[in-house]
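First comes the structure, then the notes that go with it.
The values are calculated or read from the model by the stated rules, or taken from the named source; none is laboratory data. Not measured: the values here are computed from a predicted model. Virtual Cβ from ideal backbone geometry, glycine too; neighbours counted across all protein chains shown. To get the accessible areas, we keep the full protein, side chains included, count just its heavy atoms, and leave off ligands, DNA and RNA. Shrake-Rupley method; radii C 1.70, N 1.55, O 1.52, S 1.80 Å.
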Amino acid sequence: SATDLGAMPHLYGFFADEIYYRIDRRVRRVLCELALYDIDGRRVAVDLLRPDEAKRVIQVGSDAGFLTDIDDGALDIHPLLRVFLESKLTEENPRAVNRIVARAVENLIQHKLWDAAFELIQRFSAESVLIKLLEAASDDLLAAGRTPTLRSWISDASDTEPIVQLIAAELAFREGRF
């Protein structure tokens, strides 16, 4: 019946909570951090863990149903579980969440996963690392002709930042507006 379907999200949350709290605290924290990443970024994040910790997180996360090994070591998290894990992360101290998100964005930047980094910045309103992304990615994006992407990204940044002014000038030049 329709009433039963309305209770389903609550029921899923209940089961996810039950499974989540049976997992070791450190593994829970890493799973929450892994939920910040897309599949490519998740591979980067796992590689940054100590080998024994990575093995434990993957084993426990897979056994609990939070992680799925889809191909060649790539780990997937179902979108509903990703939302659940992110919600657990945001229950932390806001400053701790900001640090975790900033670290994740910096990891993505180091591996040139520009779009994933920007998506994370937007999802968590992490404007503090947007300038780092623009500084790191602008040359590659300009070389690839991704001017609409850069225009979109600088619209979210303060126009008093030198890198934003430089990118805006470069875009204007390329569009013949000089």
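Remarks
- When all protein chains stay in place and ligands, DNA and RNA are ignored, the 1.4 Å accessible-area order of Tyr12, Tyr20, largest first, is Tyr12, Tyr20.
- Rounded if a/c under 1.5, otherwise prolate or oblate - segment 1-155, Cα gyration tensor axes: prolate
- Cα-based helix-to-principal-axis angle, 51-63 vs the chain, degrees rounded to 10: 60
- Extension gain, Ala143 to Val83: 0.36 nm times the residue separation minus the Cα-Cα distance gives 18.1 nm.
- Taking Ser155, Ser128, Ser87 as the candidate residues, the one with maximal mean-square fluctuation in a Gaussian network model of the chain, Cα springs under 10 Å, is Ser155.
- Taking the chain and dividing mean pair separation by its residue count, relative contact order in percent (alpha carbons under 8 Å, at least six apart): 16
- Surface composition of the chain: carbon plus sulfur atoms hold 53% of the accessible area, using a 1.4 angstrom probe and ignoring ligands, DNA and RNA.
- Inter-probe distance in nm under a simple model that places probes 7 Å from Cα toward Cβ, at Asp76 and Gln165: 4.8
- In this label model, Leu11 and Arg26 are separated by 3.7 nm, measuring between points 7 Å along each Cα→Cβ vector.
- In loop segments of segment 106-150 as defined by DSSP, the trypsin sites (Lys or Arg not before Pro) with at most 12 further C-beta atoms inside 10 Å of their C-beta are Lys112.
- Using a cutoff of 8 angstrom between alpha carbon atoms and counting only pairs six or more residues apart, the relative contact order for segment 99-178 works out to 23 percent.
- Rounded to the nearest 20 debye, the dipole size of segment 125-178 about its Cα centre is 180 debye, using +1 on the Cβ of Lys and Arg and -1 on the Cβ of Asp and Glu.
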